[in-house]
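The values are calculated or read from the model by the stated rules, or taken from the named source; none is laboratory data. Just so it is clear, the structure is predicted and the values come from calculations on it, not from any experiment. Ideal geometry is used to build each Cβ from the backbone, glycine not excepted, and the neighbour counts take in all protein chains shown.
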Amino acid sequence: MPCRSHILMVLSVMGAMLCADIGSKWAIQNLVMQPPRVIPILPVFNLTLGFNTGVSFGIGRDFFDAYPLVLALFKLCITAGLLVWAVLASLQIERIGLALISGGALGNAFDRWRQGAVTDFIDLHWAGWHWPTFNIADIGIVAGAGLLILAIWLPHARATHQP
């Protein structure tokens, strides 16, 4: 049975990730990108407003243009499963990783529900090559996945998860 502090921690991390994502997207759309333009920040980093109707790197764009809520509903179902896993996880690093992934997934699902596409604005580039534009939710998802991988590699994590 999960303890109350685990549930509170998972919901707090997820909520913070969700608020950071929604707040950053709102600020970019309503304050920073009026009018939309490319804003150089560093030699390798621009702010560039974009909208992704597909999944990662725009995959499935044609299908999800026609049915934008399908992906949002799918993400909500996955997020529910991740939250259950997070609350039941024995390691705090797992709980934090899963909460970050859940918050990021909810942020992107909210975008899809609200406008049919995910708002992206972080543009990393080098020598004319641009990584696909992404957002704060994507950072949370990648960081959460990194924490899950780290949990597998930690010696105490392996000892507690061996059959």
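A compact table of results
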| quantity | calculated |
| --- | --- |
| Search result, residues across the stretch 23-48 that are surrounded by 14 or more Cβ atoms within 10 Å (Cβ to Cβ) and out of contact with any Leu (no Cβ under 9 Å at 6 or more places or on another chain) | S24, K25, L47, T48 |
| Any hit, the stretch 131-149, residues being among the aromatic types (F, W, Y), exposed (fewer than 12 other Cβ atoms within 10 Å of the Cβ) and at pLDDT below 95 | no |
| Given (1) under 27 Å from G128 (Cα atoms); (2) within 16 Å of the chain's Cα centre (by Cα); (3) buried (at least 16 other Cβ atoms within 10 Å of the Cβ), number of the condition F51 does not satisfy | (3) |
| Total residues in the stretch 93-131, condition of a type in the set (F, W, Y) and under 21 Å from V13 (Cα atoms) | 1 |
| Condition check for A99: outside any strand (DSSP E or B) and surrounded by fewer than 18 Cβ atoms within 10 Å (Cβ to Cβ) | no |
| Residue check, L31 at pLDDT 95 or above and not in a helix (DSSP H, G or I) | no |
